[in-house]
1. For residue 156, list the lysines whose Cα falls under 20 Å from its own Cα; do not include residues on the same chain fewer than 8 positions away.
2. Between residue 99 and residue 164, what length comes free when the chain is fully extended (0.36 nm per residue of separation minus the Cα-Cα distance, one decimal in nm)?
3. Could you check how much of the accessible area of the chain is carbon and sulfur, as a whole percent, using a 1.4 Å probe?
4. For residue 62 paired with residue 215, estimate the spin-label separation in nm (one decimal), with each label point 7 Å from Cα along the Cα-to-Cβ line.
5. Grab the DSSP H runs of the chain that are 4 residues or longer, score each as -39,500 (n - 2.57), total them, divide by all residues and round the 222 nm result to the nearest 500 deg cm²/dmol.
6. Hey, if you put +1 on the Cβ of every Lys and Arg and -1 on every Asp and Glu Cβ in the chain, which of 203, 151, 69 ends up farthest toward the positive end of that dipole?
7. Assigning unit charges at the beta carbon (Lys, Arg +1; Asp, Glu -1) and nothing else, what dipole magnitude in debye, to the nearest 20, does the chain show about its Cα centre?
8. Per residue, how much accessible area does segment 36-90 have with a 1.4 Å probe, in Å²?
Amino acid sequence: MNKANILFWEHYQKAPIIGISRGHSLDDVLKIAEAYEEAGLTTLEITMNTAGASKMISALRTQFPALNIGAGTVCDLSGLKDAIDSGAQFIVTPIVDEIVITHAADQQIPVFPGAFTPSEIYKAWSLGASAVKVFPATQLGVQYIKDVLAPLNNIKLLPTGGVSVSNIRSFFDAGAFGVGMGSSLFDKELIGAGDYNGLIKHFTSIKSEISKFIRG
């Protein structure tokens, strides 16, 4: 494991939540990142289907060196190259793409591929996933995480979709390695109103729900 990889995991373990930013402007993303850091959150994903995503990743890497900044919605080798060239420190996919997973793993870049069924989850893990994003978790819920981990207890699962302040603790109780959160984390009303103090409080309340699971 290289130094960058070690630092990534040190930061991640301080708050095992991946915040998924999709469709925000560069100005909003920079303000969100400031609130994110202030609240003690550490790992922020910019989806590559956001306009200007590459520029956002580069700007965040420069202005927030203590945060883990990664790229999401990476579906092919071209997208992976763009993400890495932009400075992405980790990769998230919505699918199991063998080329993306193996290339990222070979370069010791943490990669979280999206999978749904036990077979997909096992394949993603076998290809070198750092953890498997169980997506979409909205309809599956906490019980599905428990059910999958019963026979596949060595696999690290990252449920994404449907995770909120009201249920985040239950996913960790079920054995989740972390969670991915999008709209439930990045409150549209607070961001639209420019209420970043309110956003800090919102972030802090979510992190406090999993305080007993934080290892960093």
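1. Partners found: 14, 123, 133, 146, 207, 212.
2. Net length gain for the segment: 20.2 nm.
3. 51 percent
4. My value for the distance between the label points is 3.5 nm.
5. My calculation for the chain gives -13000 deg cm²/dmol from helical runs alone.
6. 151
7. In debye, rounded to 20, the chain gives about 440.
8. That works out to 38 Å² per residue.
The values are calculated or read from the model by the stated rules, or taken from the named source; none is laboratory data. If you're wondering where the values come from, they're calculated on a predicted model, not measured in any experiment. Ideal geometry is used to build each Cβ from the backbone, glycine not excepted, and the neighbour counts take in all protein chains shown. Keep in mind that these areas ignore ligands, DNA and RNA; they rest on the heavy atoms of the full protein, side chains included. Shrake-Rupley method; radii C 1.70, N 1.55, O 1.52, S 1.80 Å.
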